[in-house]
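Single-structure report; data block below.
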Amino acid sequence: MNLLPLGSIVVLKNGYKKLMIIGRKQIQQSENKIWDYLGVLYPEGYLGLGYTFLFNNTDIQQVIFKGYLDLEEDAFKLALKNLNK
């Protein structure tokens, strides 16, 4: 799976508001589930826990902007990939 970098801006299927990705591979303890992303409203940003959104790659309808990529990002993605083996 190819995860989007932090800072990416997306619109979800059936969504009308842009979200900015602020976290990846997030654990939802109450459901014992791992989500691909944690997002916040864009351009508002973090407004509190009630305004954060967990979603998966398959929920994304459109990528508006792809976040910053560098060697650290590549190393992080490789480490995540190795954890999933």
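At-a-glance table
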item: Amide N of the stretch 42-85 lying under 11 Å from the label point, which is placed 7 angstrom from the Cα of I34 along Cα→Cβ; result: 80-85
item: Helix-only [θ]222 nm of the chain, DSSP H runs n ≥ 4, -39500 (n - 2.57) each, per residue, nearest 500; result: -5000 deg cm²/dmol
item: Global form of the stretch 1-71, assessed from the alpha-carbon gyration tensor, a/c cut-off 1.5; result: rounded
item: Relative contact order, percent, the stretch 31-85 [alpha-carbon distance under 8 Å, six or more residues apart]; result: 27
item: Between helix 71-83 and the chain: long-axis angle, C-alpha atoms, 0 to 90°, nearest 10; result: 80
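Every number in this text was worked out from the coordinates using simple rules, so none of it is lab data. Owing to the predicted nature of the structure, the values given are computational and were not obtained by experimental measurement. Cβ coordinates were reconstructed from backbone atoms using ideal geometry, including for glycine residues, and neighbour counts include every protein chain displayed.
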